[in-house]
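Step one of this worksheet: look at the structure below.
Since every read-out is calculated from the coordinates, none of them should be taken as a lab result. These numbers were taken from a predicted model, which means no experiment stands behind them. Note that each Cβ is placed from the backbone with ideal geometry, even for glycine, and that neighbours are counted across all protein chains shown.
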Amino acid sequence: MRRALVTGGSGAIGGAICRALARRGMHVIVHGHGNPERAARLAEAIRADGGSAESVTFDVSRAGPATSALEKILEGGPVQVLVHNAGITADAPMAGMSDAQWSSVIGVSLDGFFNVARPLLLPMLRTRWGRIVAMTSVAGIMGNRGQSNYAAAKAGLHGAVKSLAIEVASRGVSVNAVAPGIIASDLSRKAFTDEAVERLVPMGRAGTPEEVASVVAFLCSDEAAYVSGQVLGVNGAMA
């Protein structure tokens, strides 16, 4: 059974991804740092539905704790699927943005990708099969007012994905990014009115976490073996 780690797996999109991978027969390691209890509940729910899952908590933005946690995970065998979904926002116009607002967002999304992917790479490469997906955002493609930190982190992931894809292509490992637009969740409903969604999204609606998860699950499958180094938008034609 292939093992999949989903960072930030306890949120709306992360949870949908975890469930989708479990339905494809993977053992899912649900990561949750800000809400480890929710990650544990999701893993329990997946098991109750007949899937295989466990939960783990560590700070992806800190290399030392992340490496220690991943070493323990690797004791159970290689992780062949990584979905880096962990991310935070700390919005402000750049002129008024604090050092902490900039570094914290970069730390979780961009540094976090490095801190998690690097320890998993060599064991994954030895199996000659692997899938890495970085969850980014339409903001990393278009930019967004008040989100220079978030957009920079997500755009940085696009460059990292394209470069890493080239490095590991000969070993049966693919690396891609999925860039959602406005996706229905408690947070998005607070940030965007129905009128704003209709104005911003040509399809006139928010996407669903399951629509994002289905794209991720495809990229993590055997069927997507020849798809690598790509940024796939799931945004209702926003970009």
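What three numbers, in Å, describe the spread of the alpha carbons of the stretch 3-234 along their principal axes, ordered from the longest?
46, 36, 36
Give, rounded to the nearest 20 debye, the magnitude of the charge dipole that the stretch 117-207 has about its Cα centre when Lys and Arg contribute +1 at Cβ and Asp and Glu contribute -1 at Cβ.
Here the stretch 117-207 has a charge dipole of around 400 debye.
Would you mind calculating the gained length between VAL227 and LYS72 on full extension (0.36 nm times residue separation, minus the Cα-Cα distance), in nm to one decimal?
Between VAL227 and LYS72, full extension yields 52.8 nm more.
Order of 158-171, 122-135, 2-15 by packing, highest average Cβ count within 10 Å first?
2-15, 122-135, 158-171
At 222 nm, what helix-only mean residue ellipticity would the chain give, in deg cm²/dmol to the nearest 500, using -39500 (n - 2.57) for each DSSP H run of four or more?
About -14000 deg cm²/dmol.
Springs between alpha-carbon atoms under 10 Å, Gaussian network over the chain: tell me which of THR57, THR193, THR208 tops the mean-square fluctuations.
THR193
I'd like the Kirkwood hydrodynamic radius of the stretch 130-239, using the inverse of the mean 1/r over distinct C-alpha pairs, in Å.
Evaluated on the stretch 130-239, it is 14.6 Å.
Under the 0.36 nm per residue contour assumption, what length would be gained going from the current alpha-carbon distance of ARG47 and MET142 to full extension?
Residue separation times 0.36 nm, minus the Cα-Cα distance, leaves 30.3 nm.
Dipole of the stretch 3-234, Cα-centred, from +1 at each Lys and Arg C-beta and -1 at each Asp and Glu C-beta, to the nearest 20 debye?
About 380 debye.
Assigning unit charges at the beta carbon (Lys, Arg +1; Asp, Glu -1) and nothing else, what dipole magnitude in debye, to the nearest 20, does the stretch 179-239 show about its Cα centre?
So the dipole magnitude of the stretch 179-239 works out to roughly 220 debye.
Among SER228, TRP102, THR57, whose Cα projects farthest towards the positive end of the dipole of the stretch 3-234, with charges put on the beta-carbon of Lys, Arg (+1) and Asp, Glu (-1)?
SER228
Cross-link candidates for LYS72: which lysines have Cα within less than 22 Å, leaving aside residues fewer than 8 places away along the same chain?
Of all the lysines, none pass the test against LYS72 - Cα under 22 Å, at least 8 places apart if same chain.
Taking springs between alpha-carbon atoms closer than 10 angstrom, which of GLU54, GLU75, GLU211 fluctuates most in the Gaussian network model of the chain?
Highest fluctuation of the listed residues: GLU75.
Gaussian network model of the chain, Cα springs within a sub-10 Å range: biggest mean-square fluctuation belongs to which of GLU210, GLU44, GLU198?
GLU198
If you count, for each residue, the other Cβ atoms within 10 Å and average over each peptide, how do 144-151, 18-25 line up from highest to lowest?
18-25, 144-151
Enter the Cα centre distance for the pair the stretch 41-62 and the stretch 152-197, rounded to the nearest angstrom.
Rounded to whole Å, the Cα centres lie 22 Å apart.
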